[in-house]
């Protein structure tokens, strides 16, 4: 009976997540148009931060307990974002990618990924056990500050573009007010956070009841659970044809995870890299490079999406098999 109840509550959490994702996309898209900010910038900053809130909460709690769950949650979440958030979406509908994303944000995601990868090379650099130290956390947070700065500059430039402002006047009449759009957005963020919390909590209970390994829970269930906001938001953005918001959300979320969340977590307490951690980072790097390579062509076709999705599922299956 307990297992059935846990399973039901997981479904309840997923429903809350989907509702929150839909509400957030509506609010973010309306705010972007009302304030004269491109959906890409909104996706890369505000939505990305909102959907990364569950990862931040989980990792701060894990840091205080000195658990290795932090690394698995961050890297596993980024893998899920690429494989499910973008791979699944592109396999359903080809995604058009704006040049601004290709020019700066996707390469910035590569920089963040490589920074995380290099930070885990301590044994090969003669620095002892693999560990993200407090000094490395400052470097990650510095990169994050640069990322936010450039996006704020672009937001201001878009806001001051007179021609763009004139073009928006016609559609502003059909949009909800700023206060209503903001209410939608805040409600959506709340739904995402609550839904992720319910989903993760009862998914862990379900896994323990079924006697699944704890390592499996850390890298897969918890990581996937905290990535559900990004995935839910991506699917809702796809349904509403907000592909700029979709790509911006995933790319921005991965940057947030590696630079901000890992930086904050390591600042609280150094984050150890578990066994196979370098393999995890290598796969994230390869999937990120694959996204960048295909994005240079201006679009992700269904075949590209299927490759991302297949790569994620294959590695997940291999990693799960090695735990038993």
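The values are calculated or read from the model by the stated rules, or taken from the named source; none is laboratory data. Not measured: the values here are computed from a predicted model. Please note: Cβ atoms are built from the backbone with ideal geometry, for glycine as well, and neighbour counts cover all protein chains shown.
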Which condition number does residue 202 fail, the rest of (1) modelled with pLDDT of 75 or more; (2) surrounded by fewer than 17 Cβ atoms within 10 Å (Cβ to Cβ); (3) more than 26 Å from residue 95 (Cβ to Cβ) being met? (2)
Looking at the range 307-319, is at least one residue part of a helix (DSSP H, G or I), surrounded by fewer than 24 Cβ atoms within 10 Å (Cβ to Cβ) and in contact with a strand residue (DSSP E or B) (Cβ under 9 Å, 6 or more places away or on another chain)? no
The range 229-275: number of residues that are crowded, with 23+ Cβ neighbours inside 10 Å and free of Cβ contacts under 8 Å to residues at least 40 places away in the same chain: 0
What number of residues in the range 295-306 are buried (at least 23 other Cβ atoms within 10 Å of the Cβ) and either under 26 Å from residue 149 (Cα atoms) or free of Cβ contacts under 8 Å to residues at least 12 places away in the same chain (or both)? 1
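For every residue, the table says whether it meets (1) at pLDDT below 90; (2) surrounded by 17 or more Cβ atoms within 10 Å (Cβ to Cβ).
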residue	(1), (2)
47	yes, yes
51	yes, yes
77	yes, yes
96	yes, no
112	no, yes
130	yes, yes
136	no, yes
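If I filter the range 264-286 for residues that are touching a strand residue (DSSP E or B) at 6+ places or on another chain (Cβ under 9 Å), farther than 30 Å from residue 131 by Cβ and assigned to a helix (DSSP H, G or I), do I get at least one hit? Quick ask: steps written out before the conclusion?
If we filter the range 264-286 for residues that are touching a strand residue (DSSP E or B) at 6+ places or on another chain (Cβ under 9 Å), which is where we start, we get 265-266, 270-273.
Imposing the further condition that a residue be farther than 30 Å from residue 131 by Cβ reduces the set to none.
Looking for residues that are touching a strand residue (DSSP E or B) at 6+ places or on another chain (Cβ under 9 Å), farther than 30 Å from residue 131 by Cβ and assigned to a helix (DSSP H, G or I), one finds none in the range 264-286, hence no.
Return yes or no: is residue 219 buried (at least 24 other Cβ atoms within 10 Å of the Cβ) and either farther than 22 Å from residue 121 by Cβ or at pLDDT 85 or above (or both)?
Numbers: buried (at least 24 other Cβ atoms within 10 Å of the Cβ): yes; either farther than 22 Å from residue 121 by Cβ or at pLDDT 85 or above (or both): no.
For residue 219, the condition - buried (at least 24 other Cβ atoms within 10 Å of the Cβ) and either farther than 22 Å from residue 121 by Cβ or at pLDDT 85 or above (or both) - is not met.
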Which listed residue, of 100, 12, is modelled with pLDDT of 75 or more and part of a helix (DSSP H, G or I): 12
